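Inspection log for the structure reproduced underneath, given as C-alpha cells.
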Amino acid sequence: MSGIRFGLAGALAAMLAFGQSAPRKAPPLDIHMPGGASKPLSAYRGKTVLLAFLNYGCEHCEKFAGELNKIAREYRPRGVEVVGVVFEKDARDHAALFHQRFAQDFPVGYSDETSVMNWLDQPLDQGYFVPIVAFVTRNGIIESQHMGDDIFFSDPDKNIRLALNKMLGKQRRATAK
C-alpha cells in the first residue's frame, strides 16, 4: 500500500510541478510573423486566445493543427483567436511552411525555445513534449496550459471545446454583472 501511495504522491507532484504555474498573468511574448513583422501577445487583449506551440516535422503537431483549423473556424465568431507558434531550431524558416501545409485557418508565427519555455514557466532541463497548448483569457491570464504528454491530449477536440466553453461562459457571466 505504501508503494501505491508513494507512486500516487509522485504522480501528483509531477502534475503539480507544471500545473502550478496557471492561472497566472501572461508574461509578454513576441510572436514573429513570416515576413518580418512581430505581433505581441498583448495585441490579442480582449480576445480569448488558444496558443498552440508546435514543431515543424512533428506529426502530432501537424495532426493537431488540423484539429485547430476546425476550432478556429468555429470559435472565431465567439471572440476566440487560435495562434500557432513554431519554436524549434530553424523555426523562422518553418513558420510559413507550417501555416501553408497544416494551419490555413489560423496565423502561425515563430519564437525560440528559450522564450517559449520561459513564457510557459517550464524549466528547459525538465524536457517537454509537443504540441503544447495554453489558454489565455481576454484579460491576459493564462487559464491553463498543457504539455504534449498531458492527458488533455487523449481527446484534444473535446478538451479544447470544454476549456473554451468554460472560459467563454465565465466571460459572459462577468459581463452580465
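The values are calculated or read from the model by the stated rules, or taken from the named source; none is laboratory data. This is a predicted model, so every value here is computed, not measured. Cβ placement follows ideal geometry from the backbone for every residue including glycine, while neighbour counts extend to all protein chains displayed.
Inspect all residues belonging to the stretch 153-164 and state whether any of them is surrounded by fewer than 20 Cβ atoms within 10 Å (Cβ to Cβ), more than 13 Å from the chain's Cα centre (by Cα), under 24 Å from residue 79 (Cβ atoms) and among the hydrophobic types (A, V, I, L, M, F, W, C). Yes, some residue in the stretch 153-164 is surrounded by fewer than 20 Cβ atoms within 10 Å (Cβ to Cβ), more than 13 Å from the chain's Cα centre (by Cα), under 24 Å from residue 79 (Cβ atoms) and among the hydrophobic types (A, V, I, L, M, F, W, C). Among residues of the stretch 59-81 that are under 16 Å from residue 162 (Cα atoms), those with a Cβ under 7 angstrom from a residue that is part of a helix (DSSP H, G or I) and among the hydrophobic types (A, V, I, L, M, F, W, C), sequence gap 6+ or separate chain, pair up as 71/160; 75/164; 78/168; 80/164. If you go through the stretch 137-152, how many residues are under 11 Å from the mean Cα position of the chain (by Cα) and either in a helix (DSSP H, G or I) or of a type outside the set (D, E, K, R) (or both)? Of the residues in the stretch 137-152, 6 are under 11 Å from the mean Cα position of the chain (by Cα) and either in a helix (DSSP H, G or I) or of a type outside the set (D, E, K, R) (or both). All of (1) modelled with pLDDT of 95 or more; (2) over 17 Å from residue 109 (Cα atoms) hold for residue 64 with one exception: (2). The residues on offer are 126, 104, 100, and the sole one that is modelled with pLDDT under 95 and over 13 Å from the mean Cα position of the chain (by Cα) is 126. The single condition from (1) surrounded by fewer than 20 Cβ atoms within 10 Å (Cβ to Cβ); (2) assigned to a helix (DSSP H, G or I) that residue 28 fails is (2). Of all residues in the stretch 130-149, those that are without any contact (Cβ under 8 Å) to a residue 40 or more places away in the chain and out of contact with any strand residue (DSSP E or B) (no Cβ under 7 Å at 6 or more places or on another chain) total 1. The residues on offer are 87, 98, 106, and the sole one that is aromatic (Phe, Trp, Tyr) and farther than 25 Å from residue 138 by Cα is 98.
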